[in-house]
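Down below is the structure, laid out as structure tokens.
The values are calculated or read from the model by the stated rules, or taken from the named source; none is laboratory data. Treat the numbers as computed from the prediction; the structure is a model and nothing was measured. Positions of Cβ are generated from backbone atoms using ideal geometry, with glycine treated the same way; all protein chains shown enter the neighbour counts.
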Amino acid sequence: MHVTFYGAVREVTGSMHLLCTDNDRILLDCGMFQGRRKTTGEKNRVLPFDPRILTNMVLSHAHIDHSGRIPLMTRAGFAGRIYCTRATADACGYLLPDSAHIQESDAEYLNYKTVRSALSQMRPGEIGKSGKRDLQEIKALLKKNKHGLNAEVINGYIKRFHLEGVEPLYTIEDAEQALKSFEGIPYRDPVTVGEKTTCTLYEAGHILGSAVVMIHSNVNGQRRTVCFSGDIGRYGKPILRDPASHFEADGQVVDLMIMESTYGNRDHEPVVDLRPRLKKALNETFDQGGTVLIPSFAYGRTQELLYVIHELYDSGEVPRMPVYVDSPLATNITKVFGEHPEVYDRETHETFLQQGKNPFSFRQAQFVESVEASMALMREEKPHIVISASGMCEAGRILHHLRYKIHNPKNTILIVGYMANHTLGRRIMEMGTAYEASGRSGEPPIVKILNKEYPLKARVVKIGGFSAHGDRHEMLRFLKASGLKIKRIAVVHGEEDQSLAFAQQLNQAGYTAVVPHVGETLTL
Ligand SMILES: [Zn+2]
């Protein structure tokens with residue numbers, strides 16, 4: 001058996017590994033590279049093999065850096081099935097079309113800029129028949145309204161002026177088509193995924209539906225086993241069961257473990273601190289009559305927040321102010337959470353389900369659908385909580401809530417997720433916490449939102465325990481608790497320094513670990 005590592009190798013995104021035997025070719029994950037467009041654009045467009053050679057695919061979980069290139073693969077002729085948990089399949093039903101929509105809008109915007117800059121270099125009269133028209137008038141035609149572009153007109157000018165247009169990586173139609181290949185299966189139920197290959201999924205504790213993938217293949221009469229960790233979650237988190245510690249046969253031999261290392265060299269704040277810290281932040285803000293704004297990822301973080309707020313409200317520890325989930329994707333994903341109680345942990349069953357309650361739905365929780373309702377909410381002055389995307393404040397409705405709430409010292413901006421470099425979320429986090437640390441002395445820092453400047457007077461509070469990834473101790477705990485006899489570990493899915501540090505730690509702990517290079521093949 002050969003295993004080739006094509007993505008999330010010495011970096012975090014683009015997860016993709018290929019298992020080949022004489023009989024079967026099984027792809028593990030088909031993720032998108034994320035980050036700056038310049039560096040990821042080309043990497044995403046080219047698949048490293050012809051997808052028609054694949055027997056089937058197994059998907060560890062629905063995050064776009066694991067699933068985001070599936071529509072590209074199905075469009076290029078992949079004819080197999082995509083095996084994953086049912087919750088993952090349902091989440092992909094919203095995430096892949098959403099990703100396609102982003103691809104389409106991105107391409108549309110780039111093409112718009114291309115046409116505009118071409119028009120700017122022209123003189124009236126240079127544009128053929130419509131030369132009489134004022135250039136300004138044509139520029140106005142490129143837009144449908146204040147916020148929407150007119151793709152048809154833009155593409156027309158791209159063709160007419162022979163400009164270099166950009167195609168979206170894939171379209172919503174491609175995404176809808178891809179969803180037909182999905183095959184949702186339960187945890188711990190072996191399925192045949194190749195002529196001589198089976199697959200079993202186990203709980204990974206990372207995100208709803210996330211799985212550790214165990215592949216058995218018969219190679220010339222000998223059994224070969226590959227275990228793919230997917231992303232490993234934290235222990236003791238709300239909603240999800242902990243990462244699996246029982247595998248079908250104890251002491252089972254694993255020839256190769258493909259292991260993530262996102263936090264291979266880091267430690268997290270303890271999970272137990274999450275609830276009291278959230279309680280404190282909410283109470284302090286409500287005492288002042290303020291509102292709490294929470295930029296949050298639609299998938300996972302939003303539902304965890306709802307869960308903990310629901311608990312705090314039920315126990316009377318926090319006054320029951322309205323909670324608005326203002327993100328259409330988060331609303332849809334919350335539905336998926338509600339539809340999969342079979343994957344909840346025991347605590348969720350005891351706290352909510354056995355009391356006849358849905359953890360994500362309570363009287364104060366409201367899901368904002370229309371843009372109009374969202375606009376009305378921005379002006380709401382009474383204390384409340386808004387959970388809105390995007391998680392790093394780069395786009396979406398959170399920007400408008402920030403515009404209306406950031407200047408008021410009564411309000412709190414609660415940071416519960418990772419904020420990448422060069423994002424608005426990162427700037428708010430760094431400037432806000434520094435201003436807080438200085439005792440709020442002097443002028444408040446200024447942040448730019450949608451090209452306008454605002455004083456950052458709202459309090460900025462950061463709560464760390466929410467990460468969906470285990471830290472190095474939790475990943476090591478997963479390996480030790482598994483009871484698996486692991487012959488070799490390939491460390492993937494981490495920035496290079498994190499992967500190298502984690503491999504070193506594994507070798508010190510008695511494992512044999514390597515960090516492959518992209519395109520490298522290991523033979524088992
Ligand atoms: Zn993930």
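A few comments on the model shown:
Table: residues versus (1) of a type in the set (Gly, Ala, Ser); (2) touching a helix residue (DSSP H, G or I) at 6+ places or on another chain (Cβ under 8 Å); (3) over 25 Å from residue 284 (Cα atoms); (4) surrounded by 17 or more Cβ atoms within 10 Å (Cβ to Cβ).
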{"position": "313", "(1), (2), (3), (4)": "no, no, no, yes"}
{"position": "326", "(1), (2), (3), (4)": "no, yes, no, yes"}
{"position": "336", "(1), (2), (3), (4)": "no, yes, yes, yes"}
{"position": "346", "(1), (2), (3), (4)": "no, no, yes, no"}
{"position": "352", "(1), (2), (3), (4)": "no, yes, yes, yes"}
{"position": "356", "(1), (2), (3), (4)": "yes, no, yes, no"}
{"position": "391", "(1), (2), (3), (4)": "yes, yes, no, yes"}
{"position": "398", "(1), (2), (3), (4)": "no, no, no, yes"}
{"position": "401", "(1), (2), (3), (4)": "no, yes, no, yes"}
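- Among (1) over 24 Å from the mean Cα position of the chain (by Cα); (2) over 30 Å from residue 386 (Cα atoms) - the single one residue 432 does not satisfy: (2)
- Every residue from segment 30-66 that is within 17 Å of residue 184 (Cβ to Cβ) and in contact with a Leu (Cβ under 6 Å, 6 or more places away or on another chain): 57, 58, 62
- Condition met for residue 266 (closer than 30 Å to residue 497 by Cα and not aliphatic (A, V, I, L, M)): yes
- Residues being charged (D, E, K, R) and either more than 30 Å from residue 288 (Cα to Cα) or modelled with pLDDT of 95 or more (or both) - total across segment 337-381: 8
- For segment 257-272, the count of residues that are part of a loop (DSSP other than H, G, I, E, B), more than 30 Å from residue 506 (Cα to Cα) and polar (S, T, N, Q) is zero.
- Considering segment 153-174, the residues that are within 14 Å of residue 110 (Cα to Cα) and acidic (Asp, Glu) include one that is surrounded by the most Cβ atoms within 10 Å (Cβ to Cβ), namely 167.
Here's the yes/no breakdown for (1) within 30 Å of residue 6 (Cα to Cα); (2) within 25 Å of the chain's Cα centre (by Cα); (3) within 16 Å of the ligand (Cβ to nearest atom):
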{"position": "424", "(1), (2), (3)": "no, yes, no"}
{"position": "427", "(1), (2), (3)": "no, yes, no"}
{"position": "457", "(1), (2), (3)": "no, no, no"}
{"position": "470", "(1), (2), (3)": "yes, yes, yes"}
{"position": "496", "(1), (2), (3)": "yes, yes, no"}
{"position": "500", "(1), (2), (3)": "yes, yes, no"}
{"position": "517", "(1), (2), (3)": "yes, yes, no"}
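- Test: residue in segment 37-54 that is in contact with an Asp or Glu (Cβ under 8 Å, 6 or more places away or on another chain), of a type in the set (A, V, I, L, M, F, W, C) and on the phi < 0 side of the Ramachandran plot: no
- Residues of segment 463-505 satisfying the condition of being of a type in the set (Phe, Trp, Tyr) and touching a Ser or Thr at 6+ places or on another chain (Cβ under 7 Å): 502
- Within segment 273-292, none of the residues are of a type outside the set (Phe, Trp, Tyr), within 23 Å of the chain's Cα centre (by Cα) and within 16 Å of the ligand (Cβ to nearest atom).
- Sole exception among (1) closer than 24 Å to residue 276 by Cβ; (2) in contact with a Cys (Cβ under 6 Å, 6 or more places away or on another chain); (3) of a type in the set (A, V, I, L, M, F, W, C) for residue 424, by number: (1)
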